[in-house]
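**Student:** One structure, as structure tokens, below. Some questions next.
The values are calculated or read from the model by the stated rules, or taken from the named source; none is laboratory data. Every value quoted in this text rests on a predicted model; they were computed, and no experiment measured them. Backbone-built Cβ (ideal geometry, glycine too); neighbour counts: all protein chains shown. SASA here: full protein model, heavy atoms, side chains in, ligands and nucleic acids out. Shrake-Rupley method; radii C 1.70, N 1.55, O 1.52, S 1.80 Å.
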Amino acid sequence: MFWDQKIETLERAALERLQLKRLQETVRRVAAHVPFYRQKFAELGVKPEDIRSLADLRRLPFTTNADLRDNYPTGLLAVSYDATLRLHTSSGTTGKPKALFFSRQDVDNAAELCARSFVMTGITQKDVFQNMMTYGMFTGALVTHYGAEKIGCLVIPAGPGNSERQLMLMQDFRTTFIHLTPSYALYLATFLEKHGVDPRRDLALRKAFVGAEAYTEETCRKIEEGLGLDVYNSYGLSEMNGPGIAFECVHKQGMHLWEDHFLLEIIDPQTGELLPDGEAGELVMTTLCREAMPLLRYRTRDITSIITKPCSCGRTHRRMNRIAGRSDDMLIVRGVNIYPQQIERVLMAQSGVGRNYLIALEGLDEMTIKVELAEAGFEGQVEQLMKLQNHLTEKLRAEILIKPQVQLLPPGSLPVSEGKAKRVIDNRKM
Amino acid sequence: MNDVKLVAAFAENKPGQVAHFTKILASANINIRWLAVASTGPFGVMKFLVSDPEMACQALKHEGFVTKLVDALAIEVPDKPGGLHAVADCLASHNINLDNASGFITNNRAIMVLEVPDAARARDVLQKQGFRVLTQMELPV
Ligand SMILES: [Zn+2]
């Protein structure tokens, strides 16, 4: 199923011509209207007319997180303040958020890409969409809300949390698809189980779009099992519209990234060098249709790789793999680079342990992984628990190359999050 | 099959944990006849012999604890020298391993609580030797 078959299946040569035309236009516009880029271009000695092919992209400057903060609030606007229609922000861990402006056309484009993404998974106007993302300044909920409305779905703007009410809405309005974070999805599965609700029997749920946090294949399977539906992985970030930038099609072999709206590169996060196709590195994106706030070569800090092989669905837009981690989530413990996702993968693949976990870094570079025991994983013997703990320690050591402490906990003893989960606590005294 | 069931509960090894459990069971009106704690580092397993194991499980579950009913044998042994030894000897001579064993005395009766891999077989063996294997109902109040 296609939302816009012509553009989604546009042959590569034509797609690349379109990309070049849009890139040239974007570069011209930022050179004319954004002092930050004008100055960067001057420093690099590059002019808009130097961009003659897509390969010239690498002559353009990167834009970083810090650049967005430094130019807060309006420094990166390429249109007049009056021409902006919506403000989103992307929160950081410290200081001011990043301000992200949308023009009317940007709002419409973001919804358009979401509509494309949803329809790609089989959503039609008959579907009922319960949106469990946080409404507000965050792009996650509003952009998908508009996208689903564009298709003609009934949209229930539930927001996250309040699981009793979520359940009531899902039952009363026969919700068929939901959009939520992986940590809330896991929580919701536990909640339904506790309340004796079998989603396969009692609910009309068919699909979940899970995003806003990186998660593993194993987590995805736990969510599918617990909620009795199909999980579609999606990728988005507020700096680039929010959700709906890249989405899985029904084949679920990577996420199609909408290349008529974005140029993508994979670079080595340390050196900034372009990496060959298929190699994992940091995803760098350039907006091609952004009106209010175009961004050139934005460093997403997300680690992934590009699948160049054509997809059997017929879409020509290339796919990216599941996010392997964030370059800023990377932990360095005893000199070893570790992504929390590696730990999650091991835990989620282990039967007998629950869905909630916490990585605690303490003392002099000691790592303790706290994980809840699953109800069904308890055989009543302390020996069995020690065996499980030792087994997990070994599995983790093989994956992350250092030996962590594994601590089993009763279910419910770790903090539950209904939004973004905090998985790492760093209290090291070093 | 009327074997005795122990209630096993997973617990963090922290002060007040035993009291927490006994309080939950007391408010559910459940008598505890015997309890054992096996702990290792940060966590442990507590086992209870109680008047109503099913209900005890439910009460603990309700408070968020992970529980499991574990098969056990309760054997009444003569309260005299060599009483316990006779039971152990009988099992050993039939090649039955004891996973866990302990005993308690109540109303002048000595009760031995055993966990063995195959409770049914152990019960047969002991009964053939004339030991009294108690059912849940026969446990002293
Ligand atoms: Zn496809």
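**Student:** Among (1) part of a strand (DSSP E or B); (2) buried (at least 20 other Cβ atoms within 10 Å of the Cβ); (3) in the same structural domain as residue B:11 (by TED's automatic domain parsing), where does residue B:111 come up short?
**Tutor:** Condition not satisfied by residue B:111: (3).
**Student:** So, in segment B:19-38, how many residues would count as being open to solvent by 60 Å² or more (accessible area, probe 1.4 Å), among the aliphatic types (A, V, I, L, M) and either at the interface with chain A (Cβ under 10 Å from one of its Cβ atoms) or in contact (Cβ under 8 Å) with a residue 24 or more places away in the chain (or both)?
**Tutor:** Count: 1.
**Student:** Could you list, in sequence order, all residues of segment A:254-265 that are more than 12 Å from residue A:121 (Cα to Cα) and either more than 16 Å from the chain's Cα centre (by Cα) or within 9 Å of the ligand (Cβ to nearest atom) (or both)? I'd like the intermediate steps shown before the answer.
**Tutor:** Filtering segment A:254-265 down to residues more than 12 Å from residue A:121 (Cα to Cα) leaves A:254, A:257-265.
Correct list: A:254, A:259, A:260, A:261, A:263, A:265.
**Student:** Also, quick follow-up: Could you run through segment B:92-110 and say how many residues are within 14 Å of another protein chain (Cβ to nearest Cβ) and modelled with pLDDT of 80 or more?
**Tutor:** Residues meeting the conditions: 1.
**Student:** Any chance you could count how many residues in segment A:277-296 are under 18 Å from the mean Cα position of the chain (by Cα) and either under 12 Å from residue A:240 (Cβ atoms) or of a type in the set (Val, Ile, Thr) (or both)? Quick ask: steps written out before the conclusion?
**Tutor:** Pass one, segment A:277-296, residues under 18 Å from the mean Cα position of the chain (by Cα): A:280-287.
Among the residues that remain, those that are also either under 12 Å from residue A:240 (Cβ atoms) or of a type in the set (Val, Ile, Thr) (or both) are: A:283-287.
The qualifying residues number 5.
Yes/no per residue for (1) modelled with pLDDT under 90; (2) farther than 26 Å from residue A:71 by Cβ; (3) not assigned by TED's automatic domain parsing to the domain that holds residue A:87:
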| residue | (1), (2), (3) |
| --- | --- |
| A:275 | no, yes, no |
| A:285 | no, no, no |
| A:289 | no, no, no |
| A:309 | no, yes, no |
| A:336 | yes, yes, yes |
| A:348 | yes, yes, yes |
| A:352 | yes, yes, yes |
| A:360 | no, yes, yes |
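Results for (1) away from the ligand (no atom under 16 Å from the Cβ); (2) without any contact (Cβ under 8 Å) to a residue 24 or more places away in the chain, shown as yes or no for each residue.
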| site | (1), (2) |
| --- | --- |
| A:230 | no, no |
| A:236 | yes, no |
| A:246 | no, no |
| A:271 | yes, yes |
| A:280 | yes, no |
| A:302 | yes, no |
| A:312 | no, no |
| A:315 | no, no |
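**Student:** Next question, about the same structure. With respect to residue B:68, determine if the residue is part of a loop (DSSP other than H, G, I, E, B), of a type in the set (D, E, K, R) and either outside the structural domain of residue B:11 (by TED's automatic domain parsing) or in contact with a Gly (Cβ under 8 Å, 6 or more places away or on another chain) (or both). Let's see the steps before the verdict.
**Tutor:** On the way: part of a loop (DSSP other than H, G, I, E, B): no; of a type in the set (D, E, K, R): yes; either outside the structural domain of residue B:11 (by TED's automatic domain parsing) or in contact with a Gly (Cβ under 8 Å, 6 or more places away or on another chain) (or both): yes.
Judged against the criteria, residue B:68 is not a match.
**Student:** Something else now. Residues in segment A:378-397 that are more than 8 Å from chain B (Cβ to nearest Cβ), open to solvent by less than 90 Å² (accessible area, probe 1.4 Å) and more than 27 Å from the chain's Cα centre (by Cα): how many?
**Tutor:** Within segment A:378-397, the first condition is being more than 8 Å from chain B (Cβ to nearest Cβ), and the residues that meet it are A:383-384, A:387-397.
Now narrow it down to the ones that are open to solvent by less than 90 Å² (accessible area, probe 1.4 Å): A:384, A:388-389, A:391-394, A:396.
This time we only want the ones that are more than 27 Å from the chain's Cα centre (by Cα), so: A:384, A:388-389, A:391-394.
The number of residues fulfilling the criteria is 7.
Residue by residue, here is whether (1) in a helix (DSSP H, G or I); (2) not charged (D, E, K, R) holds:
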position: A:58; (1), (2): yes, no
position: A:72; (1), (2): no, yes
position: A:135; (1), (2): no, yes
position: A:145; (1), (2): yes, yes
position: A:155; (1), (2): no, yes
position: A:164; (1), (2): yes, no
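**Student:** Any idea how many residues of segment B:84-105 are free of Cβ contacts under 8 Å to residues at least 60 places away in the same chain and either of a type in the set (Ser, Thr, Tyr) or open to solvent by less than 80 Å² (accessible area, probe 1.4 Å) (or both)? Steps first, answer last, please.
**Tutor:** If we filter segment B:84-105 for residues that are free of Cβ contacts under 8 Å to residues at least 60 places away in the same chain, which is where we start, we get B:84-99, B:101, B:103, B:105.
Next, only the ones that are either of a type in the set (Ser, Thr, Tyr) or open to solvent by less than 80 Å² (accessible area, probe 1.4 Å) (or both) stay: B:86-88, B:90-94, B:96, B:98, B:101, B:103.
Residues that pass the stated criteria total 12.
**Student:** Out of everything in segment B:42-52 that is more than 8 Å from chain A (Cβ to nearest Cβ) and open to solvent by 30 Å² or more (accessible area, probe 1.4 Å), what residue ends up being nearest to residue B:104 (Cα to Cα)?
**Tutor:** Among those residues, the one meeting the criterion is B:51.
**Student:** Next question, about the same structure. Which numbered condition in (1) crowded, with 16+ Cβ neighbours inside 10 Å; (2) away from chain B (no Cβ under 14 Å); (3) at pLDDT 85 or above is the only one that residue A:417 fails?
**Tutor:** The single condition residue A:417 does not satisfy is (3).
**Student:** While we're looking at this one, here's another question. Suppose the filter is out of contact with any helix residue (DSSP H, G or I) (no Cβ under 6 Å at 6 or more places or on another chain), surrounded by 20 or more Cβ atoms within 10 Å (Cβ to Cβ) and of a type in the set (D, E, K, R); does residue A:315 pass it?
**Tutor:** No; evaluated as a whole, the condition is false for this residue.
**Student:** For segment A:183-193, check the following and say yes or no: at least one residue is touching a residue at least 60 places away in the same chain (Cβ under 8 Å), open to solvent by less than 20 Å² (accessible area, probe 1.4 Å), closer than 29 Å to residue A:103 by Cβ and touching a strand residue (DSSP E or B) at 6+ places or on another chain (Cβ under 7 Å).
**Tutor:** no
**Student:** What about residue A:373, is it within 9 Å of chain B (Cβ to nearest Cβ) and under 17 Å from residue A:423 (Cα atoms)?
**Tutor:** Considered against the rule, which asks whether it is within 9 Å of chain B (Cβ to nearest Cβ) and under 17 Å from residue A:423 (Cα atoms), residue A:373 comes out as yes.
**Student:** Kindly evaluate residue A:250 against the criterion of being touching a helix residue (DSSP H, G or I) at 6+ places or on another chain (Cβ under 9 Å), within 15 Å of the ligand (Cβ to nearest atom), open to solvent by 20 Å² or more (accessible area, probe 1.4 Å) and among the aliphatic types (A, V, I, L, M).
**Tutor:** yes
**Student:** Any residue at all in segment A:197-212 that's crowded, with 22+ Cβ neighbours inside 10 Å, assigned by TED's automatic domain parsing to the domain that holds residue A:167, more than 16 Å from the ligand (Cβ to nearest atom) and free of Cβ contacts under 8 Å to residues at least 60 places away in the same chain?
**Tutor:** The answer is yes; a qualifying residue exists.
**Student:** Within segment A:344-359, is there a residue that is within 16 Å of the ligand (Cβ to nearest atom) and surrounded by 18 or more Cβ atoms within 10 Å (Cβ to Cβ)? Write out each step before concluding.
**Tutor:** Within segment A:344-359, the first condition is being within 16 Å of the ligand (Cβ to nearest atom), and the residues that meet it are none.
No, that holds for no residue.
**Student:** Taking the stated definitions as given, is residue B:81 open to solvent by 40 Å² or more (accessible area, probe 1.4 Å), more than 14 Å from every other protein chain (Cβ to nearest Cβ) and either assigned to a loop (DSSP other than H, G, I, E, B) or hydrophobic (A, V, I, L, M, F, W, C) (or both)?
**Tutor:** Considered against the rule, which asks whether it is open to solvent by 40 Å² or more (accessible area, probe 1.4 Å), more than 14 Å from every other protein chain (Cβ to nearest Cβ) and either assigned to a loop (DSSP other than H, G, I, E, B) or hydrophobic (A, V, I, L, M, F, W, C) (or both), residue B:81 comes out as yes.
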